[in-house]
1. Could you say which residue among ALA9, ALA28 is touching a residue at least 12 places away in the same chain (Cβ under 8 Å), more than 15 Å from the chain's Cα centre (by Cα) and surrounded by 14 or more Cβ atoms within 10 Å (Cβ to Cβ)?
2. If you go through segment 75-92 one residue at a time, how many are more than 16 Å from the ligand (Cβ to nearest atom) and either surrounded by 14 or more Cβ atoms within 10 Å (Cβ to Cβ) or among the polar types (S, T, N, Q) (or both)?
3. So if I check each of VAL84, VAL25, VAL8, which one is modelled with pLDDT of 95 or more and more than 16 Å from LEU131 (Cβ to Cβ)?
4. Looking only at residues in segment 96-119 that are more than 14 Å from the ligand (Cβ to nearest atom) and surrounded by 13 or more Cβ atoms within 10 Å (Cβ to Cβ), which one is farthest from LEU34 (Cα to Cα)?
5. Filtering segment 44-69 down to residues that are more than 18 Å from PRO121 (Cα to Cα) and among the acidic types (Asp, Glu), which residue is nearest to the ligand (Cβ to nearest atom)?
Amino acid sequence: MIGRLNHVAIAVPDLAAASAQYRSVLGAEVSEPLEQPEHGVTVVFVSLPNTKIELLHPLGAESPIEKFLERNPAGGIHHICYEVDDIQAARDRLQQEGARVLGDDEPKIGAHGKPVLFLHPKDFCGTLVELEQA
Ligand code: CO
(Lines give C-alpha, C1' and ligand atoms only; values in the text may rest on other atoms or scores of the structure.)
Protein backbone atom coordinates (compact mmCIF):
# COMPACT_ATOMS: atom_id res chain seq x y z
CA MET A 1 0.00 0.00 0.00
CA ILE A 2 2.68 2.55 0.91
CA GLY A 3 4.76 3.92 -1.92
CA ARG A 4 7.78 6.19 -2.05
CA LEU A 5 9.46 7.68 0.99
CA ASN A 6 8.42 11.30 0.52
CA HIS A 7 10.54 12.78 3.29
CA VAL A 8 12.17 12.33 6.67
CA ALA A 9 11.50 15.25 9.03
CA ILE A 10 14.17 16.18 11.57
CA ALA A 11 13.41 18.67 14.35
CA VAL A 12 16.38 20.96 14.95
CA PRO A 13 17.09 23.52 17.68
CA ASP A 14 19.11 25.78 15.36
CA LEU A 15 17.88 25.95 11.77
CA ALA A 16 20.77 28.02 10.46
CA ALA A 17 23.35 25.65 11.96
CA ALA A 18 21.52 22.57 10.63
CA SER A 19 21.19 24.14 7.16
CA ALA A 20 24.87 25.01 7.10
CA GLN A 21 25.81 21.49 8.16
CA TYR A 22 23.73 19.83 5.44
CA ARG A 23 25.00 22.31 2.84
CA SER A 24 28.68 22.47 3.75
CA VAL A 25 29.52 19.25 5.57
CA LEU A 26 27.18 16.88 3.73
CA GLY A 27 27.24 18.77 0.44
CA ALA A 28 23.47 18.70 -0.05
CA GLU A 29 21.19 21.04 -1.93
CA VAL A 30 19.45 23.08 0.79
CA SER A 31 16.55 25.54 0.40
CA GLU A 32 16.01 28.85 2.13
CA PRO A 33 13.86 28.66 5.31
CA LEU A 34 10.12 28.65 4.57
CA GLU A 35 7.72 29.75 7.31
CA GLN A 36 4.56 27.66 7.53
CA PRO A 37 2.52 29.38 10.25
CA GLU A 38 -0.49 27.10 9.64
CA HIS A 39 1.71 24.14 10.68
CA GLY A 40 3.67 25.95 13.41
CA VAL A 41 7.03 25.31 11.78
CA THR A 42 9.77 26.88 9.72
CA VAL A 43 11.05 24.33 7.21
CA VAL A 44 14.28 23.94 5.27
CA PHE A 45 14.09 21.40 2.45
CA VAL A 46 17.14 19.26 1.73
CA SER A 47 16.85 17.70 -1.73
CA LEU A 48 18.39 14.27 -2.16
CA PRO A 49 18.35 12.23 -5.38
CA ASN A 50 15.71 9.83 -4.06
CA THR A 51 13.85 11.74 -1.33
CA LYS A 52 13.87 14.87 0.84
CA ILE A 53 14.92 15.72 4.34
CA GLU A 54 12.88 18.42 6.06
CA LEU A 55 14.58 20.35 8.84
CA LEU A 56 11.82 21.59 11.16
CA HIS A 57 12.06 24.40 13.68
CA PRO A 58 9.23 25.67 15.92
CA LEU A 59 7.29 28.71 14.73
CA GLY A 60 4.86 30.42 17.09
CA ALA A 61 3.58 29.46 20.52
CA GLU A 62 1.53 26.40 19.51
CA SER A 63 4.20 24.61 17.52
CA PRO A 64 3.91 20.80 17.53
CA ILE A 65 7.73 20.68 17.45
CA GLU A 66 8.28 22.57 20.69
CA LYS A 67 7.62 19.69 23.10
CA PHE A 68 9.64 17.33 20.94
CA LEU A 69 12.66 19.62 21.22
CA GLU A 70 12.16 19.90 24.97
CA ARG A 71 12.49 16.11 25.15
CA ASN A 72 15.24 16.02 22.50
CA PRO A 73 17.28 19.19 22.97
CA ALA A 74 19.85 18.25 20.32
CA GLY A 75 17.06 17.56 17.79
CA GLY A 76 16.03 14.24 16.33
CA ILE A 77 13.95 12.45 13.72
CA HIS A 78 10.39 13.69 14.19
CA HIS A 79 8.49 11.71 11.55
CA ILE A 80 8.77 9.88 8.26
CA CYS A 81 6.36 10.39 5.37
CA TYR A 82 5.22 7.68 2.98
CA GLU A 83 3.21 8.32 -0.15
CA VAL A 84 -0.10 6.58 -0.77
CA ASP A 85 -2.29 6.67 -3.89
CA ASP A 86 -5.60 7.13 -2.05
CA ILE A 87 -5.43 8.56 1.45
CA GLN A 88 -9.06 7.79 2.39
CA ALA A 89 -8.66 4.16 1.33
CA ALA A 90 -5.36 3.97 3.24
CA ARG A 91 -7.00 5.40 6.37
CA ASP A 92 -9.92 2.97 6.19
CA ARG A 93 -7.62 0.00 5.76
CA LEU A 94 -5.29 1.06 8.58
CA GLN A 95 -8.17 1.68 10.98
CA GLN A 96 -9.56 -1.77 10.17
CA GLU A 97 -6.13 -3.12 11.15
CA GLY A 98 -6.40 -1.30 14.48
CA ALA A 99 -4.03 1.59 13.76
CA ARG A 100 -4.88 4.95 15.29
CA VAL A 101 -5.07 8.10 13.20
CA LEU A 102 -4.15 11.30 15.08
CA GLY A 103 -6.67 14.13 15.21
CA ASP A 104 -10.22 13.82 13.90
CA ASP A 105 -9.52 11.10 11.29
CA GLU A 106 -9.94 13.50 8.38
CA PRO A 107 -6.99 14.22 6.07
CA LYS A 108 -5.61 17.76 6.35
CA ILE A 109 -3.75 19.75 3.74
CA GLY A 110 -0.09 19.25 4.58
CA ALA A 111 3.10 21.16 4.02
CA HIS A 112 3.16 20.36 0.29
CA GLY A 113 -0.47 21.29 -0.42
CA LYS A 114 -1.58 17.64 -0.50
CA PRO A 115 -3.83 15.69 1.89
CA VAL A 116 -1.97 14.11 4.81
CA LEU A 117 -2.69 12.02 7.90
CA PHE A 118 -0.52 11.16 10.90
CA LEU A 119 -0.50 7.71 12.50
CA HIS A 120 0.10 7.06 16.19
CA PRO A 121 3.78 6.29 16.86
CA LYS A 122 2.90 3.55 19.36
CA ASP A 123 1.30 1.60 16.52
CA PHE A 124 4.34 1.88 14.21
CA CYS A 125 7.56 0.91 15.99
CA GLY A 126 7.72 4.14 17.98
CA THR A 127 7.81 6.26 14.84
CA LEU A 128 5.38 9.01 13.96
CA VAL A 129 4.24 8.21 10.41
CA GLU A 130 2.79 10.75 7.98
CA LEU A 131 0.89 9.55 4.93
CA GLU A 132 0.66 11.89 1.99
CA GLN A 133 -1.53 11.39 -1.04
CA ALA A 134 0.85 11.21 -4.00
CO1 CO B 1 6.07 15.84 7.03
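The values are calculated or read from the model by the stated rules, or taken from the named source; none is laboratory data. In this text, all values refer to a predicted model and were calculated from it rather than measured experimentally. Ideal geometry is used to build each Cβ from the backbone, glycine not excepted, and the neighbour counts take in all protein chains shown.
1. ALA28
2. Result for segment 75-92: 2.
3. None of the others qualify; the one that does is VAL25.
4. For segment 96-119, the residue satisfying everything is ALA99.
5. Restricting to residues being more than 18 Å from PRO121 (Cα to Cα) and among the acidic types (Asp, Glu), the top hit is GLU54.
Residue-by-condition table, conditions (1) surrounded by fewer than 19 Cβ atoms within 10 Å (Cβ to Cβ); (2) in a loop (DSSP other than H, G, I, E, B):
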site	(1), (2)
GLU38	yes, no
THR42	no, no
ASN50	yes, yes
GLU54	no, no
ALA61	yes, yes
PRO73	yes, yes
